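The values are calculated or read from the model by the stated rules, or taken from the named source; none is laboratory data. Predicted, not measured: the structure shown is a model, and the values here were computed from it. Because the Cβ atoms are built from the backbone with ideal geometry, glycine has one as well, and the counts that use them run over all protein chains shown. For the accessible areas, the whole protein counts, side chains as well, though only heavy atoms, and no ligand, DNA or RNA atoms are used. Shrake-Rupley method; radii C 1.70, N 1.55, O 1.52, S 1.80 Å.
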Amino acid sequence: MSNFNYPNFPVSRLRRLRKTSALRDIFRETHLSKNDFIYPLFIVEGGGVKKEIGSMPGQFQMSVDNILRECEELENLGIRSILLFGIPDAKDAVGSNAYHENGIIQKSLREIKRNFPEMLVITDVCLCEYTSHGHCGVVENGFVQNDKTLELLAKEALSHAENGADIIAPSDMMDGRVAVIRRKLDENGFSETPIMAYSAKFSSAFYGPFREAAESAPQFGDRKSYQMDFGNSDEAMREIALDIQEGADVVMVKPALSYLDLIRRAKDNFNVPIAAYNVSGEYSMIKAAAEKGWLDGERVMLEVLTSIKRAGADVIITYFAKEAAKII
Ligand SMILES: [Zn+2]
């Protein structure tokens, strides 16, 4: 696409198509739709719990009964996809509650699917919410052990599928986990359950508020030995290519806003659906600025969500899903 193919001014006047709202609307290239959104939910044990997350105004930790109310509201708003994060009562070194039949996610899946069979329920598969040390895998000698972690992730994924998960979303960033999970699902009769892989997941300061929401902050060190360095773009493409080879049906770039170039690069390079995670910090900073009256929160939200879609995301995981659905 070269500008030299276009006639010059005054023949060419791009402002002609910007003159009225009808002109602008009909020639707009990117439109948000309710079908673009996946809404994340944080589930805790107990009953009657609905506790606002301090650093994420408007987002809550909820017990299953309130999650069901939330699903009803989401359906009424036209949002049909949710992503579940579980916060167990008890944690241990190997994250046992991640793959327990009566773990928080397993119980919630059964309840949600029984009451809302049409809801597309995606489950985050990782160990960090369930381990006492807060890392995404098995720790030995202060290091997260890749291959020992794979076994547990596959167990967790299978247990989610058995309890009704529609899509499995591994977020741990261990090497080879998509292949191991795919094999485990296939061997157990879940060959039709898709995998949405957190493929290019960066070690990011934008996750700060999420760690409060999911109570998953690492108790020592950081996640830089498995999550990606934010300076890297070629490596992100390698991660995505490997996940596709291993059987990922959807690949993800996370976070979204500081990584729009990677969303676009992934879209141009791979013919698979691209998901983008508009993460907690991206949400919180808009909320905070809007609260202070420094930004028009609603307009900034729409601009940000549109930019993620324009960059090439086919679906957007976002805490703004409900707010956006009300105005688009
Ligand atoms: Zn994790």
The one condition in (1) open to solvent by less than 50 Å² (accessible area, probe 1.4 Å); (2) closer than 18 Å to VAL121 by Cα that LEU32 fails to fulfil: (2)
Determine, yes or no, whether MET237 is surrounded by fewer than 22 Cβ atoms within 10 Å (Cβ to Cβ), among the hydrophobic types (A, V, I, L, M, F, W, C), under 25 Å from ILE122 (Cα atoms) and within 19 Å of the chain's Cα centre (by Cα). yes
Note on LYS50: of the conditions (1) open to solvent by 40 Å² or more (accessible area, probe 1.4 Å); (2) farther than 23 Å from VAL279 by Cβ, unmet is (2)
Condition met for ARG24 (among the basic types (Lys, Arg), at pLDDT 95 or above and in a helix (DSSP H, G or I)): yes
Could you give me the residue pairs with C-beta distances under 7 Å whose first residue belongs to the range 171-194 and is within 16 Å of the ligand (Cβ to nearest atom), whose second residue is of a type in the set (Asp, Glu) and in a loop (DSSP other than H, G, I, E, B) wherever it lies, and which are 6+ apart or on separate chains? none
In the range 182-207, the residues that are open to solvent by 20 Å² or more (accessible area, probe 1.4 Å) and among the hydrophobic types (A, V, I, L, M, F, W, C): PHE190, ALA205, PHE206
Selection from the range 60-77 of residues open to solvent by 30 Å² or more (accessible area, probe 1.4 Å) and of a type in the set (Asp, Glu) yields ASP65, GLU72, GLU73, GLU75
ALA266: part of a helix (DSSP H, G or I), under 17 Å from the mean Cα position of the chain (by Cα), on the phi < 0 side of the Ramachandran plot and surrounded by 19 or more Cβ atoms within 10 Å (Cβ to Cβ), yes or no? yes
Answer yes if at least one residue in the range 208-216 is of a type outside the set (S, T, N, Q) and loosely packed, with under 14 Cβ neighbours inside 10 Å, and no otherwise. no
Note down all Cβ pairs under 8 Å where the first residue falls in the range 276-305 and is open to solvent by 10 Å² or more (accessible area, probe 1.4 Å), the second is among the basic types (Lys, Arg), and they're at least six residues apart or on different chains. GLY297/LYS287
Residue hits (the range 179-235; in contact with a helix residue (DSSP H, G or I) (Cβ under 7 Å, 6 or more places away or on another chain), in a helix (DSSP H, G or I) and farther than 29 Å from LYS267 by Cβ) are LYS184
Considering only residues that are of a type in the set (A, V, I, L, M, F, W, C), within 19 Å of GLU129 (Cβ to Cβ) and touching a residue at least 24 places away in the same chain (Cβ under 8 Å), which ones fall in the range 40-75? LEU41, PHE42, ILE43, VAL44, ILE53, MET56, VAL64, ILE67
Scan of the range 246-261 for residues that are farther than 19 Å from ALA205 by Cβ and either without any contact (Cβ under 8 Å) to a residue 60 or more places away in the chain or touching a strand residue (DSSP E or B) at 6+ places or on another chain (Cβ under 7 Å) (or both), ordered by number: GLY247, ALA248, ASP249, VAL250, VAL251
If a residue must be near the ligand (Cβ under 8 Å from one of its atoms) and closer than 13 Å to LYS155 by Cβ, how many such residues does the range 125-136 contain? 2
